[in-house]
Amino acid sequence: MKKLIALLLALVMALSLVACGATEEPAADAPAADAPAAEAPAADAATGSVYYLNFKPEADAAWQELAAQYTAETGVPVKVVTAAGGEYSSTLNAEMAKDSAPTLFQCGNMAGLKDWDEYCLDLTGTDFAAELTTDAFNLYNADGALKCVGYCYECFGIITNIELLEKAGYTVADITDFASLKAVAEDITARSAELGFSAFSSAGLDSSSSWRFSGHLANMPLFYEFRDDGVTEAPATITGAYLDNYRNIWDLYINNSTCTGAELNGKTGDNSKADFTEGKAVFYQNGSWEYAGLIEAGMDAAKLTMLPIYCGVEGEADAGLCSGTENCWAVNAKASEADQKATLDFMTWVVTSDAGTTMMAEQFGPIPFKAAKTPENVFFAAANDLTAAGKYVVTWAFNHTPNVDSWRATVVTALAAYSADPTDANWEAVETAFVDGWAYEYSVVNG
């Protein structure tokens with residue numbers, strides 16, 4: 001029976017723990033399920049030790065170096081074992097079954113927390129949690145206990161060419177909500193022949209680009225609806241309460257672009273990026289992951305920033321960037337008190353020390369902690385600046401989408417028809433794809 005339960009748990013975790021930011025780089029070998037993990041230095045039972053089961057293979061070398069430095073400075077043994085890419089859940093199950101189980105591990109989403117809740121220490125009131133600058137990336141259980149802390153994130157928004165914006169007579173500070181974004185975009189459009197550039201790069205609906213709008217832009221109405229309704233997991237139905245706001249921003253994109261709405265169905269991601277890198281557009285909706293590509297294309301980091309996606313929701317002047325993660329730390333509640341304390345002390349050192357914050361900035365970009373260093377990626381810096389200024393984080397509600405590829409495909413088809421002929425009737429088809437399509441795909445997945 002125990003073997004059957006263990007097998008079932010492994011299957012559940014394989015589905016519920018999702019790897020964010022997957023890499024094609026070679027991963028460190030994960031320990032075999034029946035083999036002991038690498039030996040850590042002997043620990044004093046009174047001081048405890050740390051065993052971190054790392055989620056991201058590409059950061060293995062950095063974690064090994066940091067762990068060695070911490071042990072040299074404090075004498076506390078820190079062992080880092082890195083699961084091979086795509087094998088974290090099975091490795092976690094195998095390691096948690098051992099006497100010397102991880103004291104620090106990944107639990108990246110609510111589905112994972114439901115499975116591992118009893119193994120996740122309540123971090124409320126700890127010195128480590130006190131170092132956080134936002135609660136937006138953390139996971140709480142049904143009792144309201146802080147069980148998992150998001151330690152890094154990605155962001156998306158409206159990437160902006162500051163130099164072109166200034167040539168048009170504006171600064172970033174002039175754009176604080178949808179009304180001001182609309183005014184700037186429409187003025188640029190009115191003077192595009194004179195200026196030599198457009199407001200927005202093409203909102204391409206080719207498959208290489210459409211995810212930016214059926215996924216990331218769709219996050220806007222989903223985020224505000226879910227925030228109003230207190231949604232924390234995929235709902236069976238949605239109301240589309242903020243689809244007028246979705247239409248606001250979509251109309252702004254297609255009416256103030258480098259191409260007509262009728263041309264969008266054939267425009268690719270490369271077309272949109274080229275519009276921006278070649279100086280044909282001031283604005284380009286995309287994410288922090290695009291930074292390296294823009295720099296490689298010859299753009300000057302000092303002339304780039306990222307604005308929030310404004311769509312006309314009340315109070316959105318207080319919004320930050322759309323940010324999210326499934327990179328969350330949990331401390332093993334089954335570990336000894338000494339090991340729990342040693343682990344929390346190590347985590348606090350990682351997010352406060354010069355060595356720790358330097359490594360985190362280099363490997364993970366932005367981290368939501370008070371002592372975070374400014375990452376090289378200016379889009380992460382923009383996200384941190386907005387959070388530090390007290391702006392609320394627009395979290396990734398699109399993660400709840402049921403049967404995601406099918407749902408998005410239906411929305412894209414409707415968006416393409418509307419873009420070619422932006423009538424109220426065609427927008428109703430977008431709403432149907434959005435709302436009725438959600439209910440249908442949920443029923444397909446859940447029965």
Condition broken by G230, with the remaining ones in (1) touching a residue at least 12 places away in the same chain (Cβ under 8 Å); (2) more than 17 Å from the chain's Cα centre (by Cα) satisfied: (1)
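Quick check on this structure: which one of S202, S214 is outside any loop (DSSP other than H, G, I, E, B), hydroxyl-bearing (S, T, Y) and buried (at least 17 other Cβ atoms within 10 Å of the Cβ)?
None of the others qualify; the one that does is S214.
Here's the yes/no breakdown for (1) touching a Pro at 6+ places or on another chain (Cβ under 7 Å); (2) of a type outside the set (F, W, Y); (3) in a helix (DSSP H, G or I):
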position	(1), (2), (3)
M347	no, yes, yes
T374	no, yes, no
W407	no, no, yes
A429	no, yes, yes
Y440	no, no, yes
Among the candidates G298, G312, G287, G279, residue that is surrounded by fewer than 21 Cβ atoms within 10 Å (Cβ to Cβ) and under 21 Å from the mean Cα position of the chain (by Cα): G287
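Table: residues versus (1) at positive phi; (2) touching a helix residue (DSSP H, G or I) at 6+ places or on another chain (Cβ under 7 Å).
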site	(1), (2)
I295	no, yes
M299	no, yes
G312	yes, yes
G315	yes, no
A319	no, no
T325	no, no
E337	no, no
M347	no, no
V351	no, yes
Helices (runs of 4 or more DSSP H) enclosed by region 83-189 - at least 2 residues per element that are over 25 Å from L386 (Cα atoms): 88-96, 110-116
Selection status of Y70, aromatic (F, W, Y), at pLDDT 95 or above and part of a helix (DSSP H, G or I): yes
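Of the residues Y253, Y246, which is at pLDDT 95 or above and within 22 Å of the chain's Cα centre (by Cα)? Give the derivation first.
Working: Y253 fails: within 22 Å of the chain's Cα centre (by Cα).
None of the others qualify; the one that does is Y246.
Which of the residues that make up region 249-301 are charged (D, E, K, R), in contact with a strand residue (DSSP E or B) (Cβ under 8 Å, 6 or more places away or on another chain) and over 24 Å from G365 (Cβ atoms)?
Passing the criteria: D275, K280.
Touching a Pro at 6+ places or on another chain (Cβ under 9 Å) and at pLDDT below 95, is that true of P77?
For P77, the condition - touching a Pro at 6+ places or on another chain (Cβ under 9 Å) and at pLDDT below 95 - is not met.
The values are calculated or read from the model by the stated rules, or taken from the named source; none is laboratory data. Quantities reported herein were computed from a predicted structural model and do not represent experimental measurements. Cβ sites come from the backbone with ideal geometry, for glycine too, and all protein chains shown count toward neighbours.
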